[in-house]
Amino acid sequence: MNAKHEALKSIEEQIEMCRLCGLCEGRTNTVPGTGSFDSEIMFIGEGPGKDEDLQGKPFVGAAGKFLTVLIESIGLSRNDVFITNVVKCRPPGNRDPEQIEVNTCWRYLEAQISLIKPKLIVTLGRHSMQRFLPGLRISEAHGKAKRIKGIWSEKQVIFPMYHPAAALYNPALRQVMLADMTKIPVLLKKIEI
Ligand code: URA
């Protein structure tokens, strides 16, 4: 294991022991993230649900199945990308994560981003987008890459997408999300950091 991988493993251990916010009270497992530590792309969702809490892995339930379809639609597998959430423990009853919880957990996501150094951050859903692009509306911002002053790069590219769970309730969004995904390979080729 190289130093970067060791540092990322050590973040996982810190998350496992974390008791910095109330979400630790109800968790079965922490959900630090899965996939490649050397990926150019990071997918960032909101927070673990029931299945994720039970398995300790992100996006393994119904929404996760569709995320897998999306990733595979551009010729990649889940092992090629890194998948995580803005909060690493399940909010009770799948409620939205509170601002204080997102802020408290930010240290872990920040450390993961600064070590993985993704070319592209794909935010899944409103809560994840808000952390990087405050004030935007997902209905207008989805599928459009934006540059921000990022954690490891002055020119971090953020690509907001709807949350895959939204496509389960509103099947029309499936096509919108599949169309947004097709832009990712083109973007990756264009991004120079
Ligand atoms: N929804 C999320 O935002 N993240 C998960 O890991 C699962 C469902």
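Taking R0 as 25 Å, what FRET efficiency do you get between residue 169 and residue 98 from their Cβ-Cβ distance, rounded to the nearest 0.05?
Here the calculated transfer efficiency is 0.65.
Distance from the C-alpha centroid of the range 39-60 to that of the range 153-186: 16 Å, rounded to the whole angstrom.
Where a ≥ b ≥ c are the square roots of the eigenvalues of the C-alpha gyration tensor, would you call the range 1-118 rounded, which needs a/c under 1.5, or, failing that, prolate if a/b is larger than b/c, or oblate? List each step's numbers first, then the result.
On the way: a/c = 1.86, a/b = 1.17, b/c = 1.59.
Cα axes put the range 1-118 in the oblate bin.
Working from Cα pairs under 8 Å separated by at least six residues, relative contact order for the range 1-58 is 38 percent.
Between 135, 45, 64, the residue with the greatest mean-square fluctuation in the GNM of the chain (Cα pairs under 10 Å linked by springs) is 135. Legend: ranking of residues 23, 115, 54 from fewest to most surrounding C-beta atoms inside 10 Å; resulting order 54, 115, 23.
Spatial offset of the range 3-18 relative to the range 89-124 amounts to 15 Å, using the alpha carbon center of each. From the Cα gyration tensor of the range 72-137, with a ≥ b ≥ c the square roots of its eigenvalues, which class applies: rounded if a/c is under 1.5, or else prolate if a/b is larger than b/c, or else oblate? The shape class here is prolate. What the phi angles of the range 30-41 give under the Karplus curve with 6.51, -1.76 and 1.60, with θ = phi - 60°, is a coupling list of 7, 10, x, x, 9, x, 8, 6, 10, 6, 7, 10 Hz, glycine and proline written as x.
Loop-resident trypsin sites (Lys or Arg not before Pro) (DSSP state other than H, G, I, E or B) in the range 114-160 with no more than 13 further Cβ atoms inside 10 Å of their Cβ: 137, 144, 149, 155.
Kindly identify the range 35-193 as rounded, prolate or oblate by the Cα gyration tensor criterion: order the square roots of the eigenvalues as a ≥ b ≥ c, call it rounded if a/c is under 1.5, otherwise compare a/b with b/c, prolate if a/b is larger, else oblate.
Because its axes are fairly even, with a/c under 1.5, the range 35-193 counts as rounded.
Structure note, pairs 119/183; 88/189; 88/144; 65/119; 119/146; 4/88: Cα-Cα distances above 22 angstrom occur for 88/189; 88/144; 65/119. Which of the listed residues, 76, 41, 86, is farthest toward the dipole's positive end in the range 32-88, when Lys, Arg count +1 and Asp, Glu count -1 at the beta-carbon? So the residue we want is 86.
So what is the relative contact order for the chain, in percent, with contacts set as C-alpha pairs under 8 Å and at least six apart? Don't skip to the answer; put the middle values down first.
Numbers: 323 pairs, mean separation 44.1, N = 193.
23 percent.
Output the antiparallel fraction of DSSP beta bridges having both residues in the chain, as a percent to the nearest 5. Just about 30 percent of them are antiparallel.
The HN-Hα couplings worked out from phi for the range 132-145 by the Karplus form 6.51 cos²θ - 1.76 cosθ + 1.60 (θ = phi - 60°) are 9, 10, x, x, 7, 9, 4, 5, 9, 8, 4, x, 10, 6 Hz, whole numbers, x standing for Gly and Pro. Sequence-ordered 3J(HN,Hα) estimates for the range 154-168 from the Karplus curve with 6.51, -1.76 and 1.60 and θ = phi - 60° stand at 5, 10, 6, 9, 10, 10, x, 10, 5, 6, x, 5, 4, 6, 6 Hz, glycine and proline given as x.
Every read-out reported here was derived from the displayed coordinates using simple, explicitly stated rules and does not represent laboratory data. Everything quoted here is computed from the prediction, not taken from an experiment. Every residue, glycine among them, receives a Cβ derived from its backbone with ideal geometry; neighbour counts consider all protein chains shown.
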